[in-house]
1. Select the helices (runs of 4 or more DSSP H) contained entirely in segment 221-313, then report the ones holding at least 3 residues which are farther than 24 Å from Thr74 by Cβ.
2. When you check Thr283 against the structure, is it of a type in the set (Val, Ile, Thr), closer than 19 Å to Val97 by Cα and within 22 Å of the chain's Cα centre (by Cα), yes or no?
3. Take segment 45-63 and flag every residue that is open to solvent by 70 Å² or more (accessible area, probe 1.4 Å) and either outside any helix (DSSP H, G or I) or within 30 Å of Pro215 (Cβ to Cβ) (or both).
4. So, in segment 315-324, of the ones that are surrounded by fewer than 23 Cβ atoms within 10 Å (Cβ to Cβ) and under 16 Å from Val76 (Cβ atoms), which residue ends up nearest to the chain's Cα centre (by Cα)?
5. Under 9 Å between Cβ atoms, at least 6 apart or on separate chains: pull out the pairs that start in segment 73-92 with a residue that is within 16 Å of Glu12 (Cβ to Cβ) and of a type outside the set (A, V, I, L, M, F, W, C) and end on any residue that is open to solvent by 30 Å² or more (accessible area, probe 1.4 Å) and not in a loop (DSSP other than H, G, I, E, B).
6. Which pairs do you get when a residue that is farther than 22 Å from Gln180 by Cβ, found in segment 261-279, comes within reach of a residue that is modelled with pLDDT under 90 and open to solvent by 50 Å² or more (accessible area, probe 1.4 Å), reach meaning Cβ atoms under 7 angstrom, with the pair 6+ apart or on two chains?
7. All but one of (1) among the aliphatic types (A, V, I, L, M); (2) open to solvent by 30 Å² or more (accessible area, probe 1.4 Å); (3) within 20 Å of the chain's Cα centre (by Cα); (4) farther than 19 Å from Ala306 by Cβ hold for Val97; state the number of the condition that does not hold.
8. Consider Val267 carefully, then state whether it is crowded, with 16+ Cβ neighbours inside 10 Å and either in contact with a His (Cβ under 9 Å, 6 or more places away or on another chain) or within 19 Å of Asp225 (Cα to Cα) (or both).
Amino acid sequence: MSRPQLTDTEWEFISPFLPVGEYGPYPENLRAHFEGVVWRFRNGAKWRELPERFGHWSTVYGRFRQWRDAGVFTAVFQGAIAEAAKRGLVDLSLVSVDSTTVRAHHDAAGMIMESETLDAVEKAAAEKGAPARNKTGNSTRSGKKRRRVRRRRRARLAAADLGRSRGGLTTKTHLSCVPQCLPLSLKITAGQAGDSPQFIPVLNGIRVPGPVGRPRTRPDAVAGDKAYSSRQNRSHLRKRGIKAVIPEKRDQAAHRKNRGSRGGRPVTWDKQLYKLRNSVERTINKIKDWRGLAVRYDKKPQSYQAGLELCAGLLWIRHLESQH
């Protein structure tokens, strides 16, 4: 028999977020089903291999899909952050940002798309221009078929947030965290996507509710490695009054010096604060301790995102439990 997945205190916090109808009997084995979802992402097993004590695998998987589509895992994640903020346990003096690449198992490929979406891809390709032609000036039928297959394959990969890398199909997780090694926001993209373009979207995902008024969205300082050193990111932080703790790339510094007075002032950053950036690396290690998140097995990106938010929510809940 496997170990318990949730303590009574953790279940007491999570249960109010689960949607239950106003009328009718209370669903049976609701806790066992939720623990089955936790067990699956923690161990990276197939849904059909769930232990019998969690219930039938199809029932647990059906519950997971309902909770995913209803935004339950997002609500648990945000609710845990709100409770931590209520107790004064959210430290926004320094937020660290980074990303990690996750290998996608071959089970994650082949997500089914609606025919209307694929037809829209074909229509857009036809409006973009004529296909390439052979030496005689006529487009071959086999060439059209190959291009059509490639377009549809690229469309499926883009919809599934999967990208081609040297190791095969990959997904990239972008996140921000507090110094206590707890995530604040999560975002997934294709594996070949750059880090710098996702810097602002990750920061925009930070929402820490307070006792009154709007949620706090601006930390005091943001730390990131050289991958986030761009004029756009620094300008965004400067406009919002956030201190940038991001070292400058060597080529960017050389380009600025070559421009002379037009290159602007030298970039300064707090080296002592930058030493605390390892908190995001440790947060990634905590998340990847779940084997179902260290390797992506889910076809739909929404399912993998739900697993990330489930793990992040439990990290916050256990942090709250440890402060008693």
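The values are calculated or read from the model by the stated rules, or taken from the named source; none is laboratory data. Bear in mind that the values here come from a model prediction, so they are computed numbers and not experimental data. We place every Cβ from the backbone using ideal geometry, glycine too, and count neighbours over all the protein chains shown. The protein model used for the area step is the full one, side chains on, heavy atoms only, and it has no ligands, DNA or RNA in it. Shrake-Rupley method; radii C 1.70, N 1.55, O 1.52, S 1.80 Å.
1. 231-239, 250-258, 271-274
2. Yes, satisfied.
3. Lys46, His56
4. Of everything passing the filter in segment 315-324, Leu315 is nearest to the chain's Cα centre (by Cα).
5. From residues that are within 16 Å of Glu12 (Cβ to Cβ) and of a type outside the set (A, V, I, L, M, F, W, C), the pairs are Gly79/Phe13; Gly79/Pro16; Gly79/Phe17; Glu83/Phe13.
6. Matching pairs, first to second residue: Gly263/Lys257.
7. (2) is the only condition that Val97 fails.
8. In short, no.
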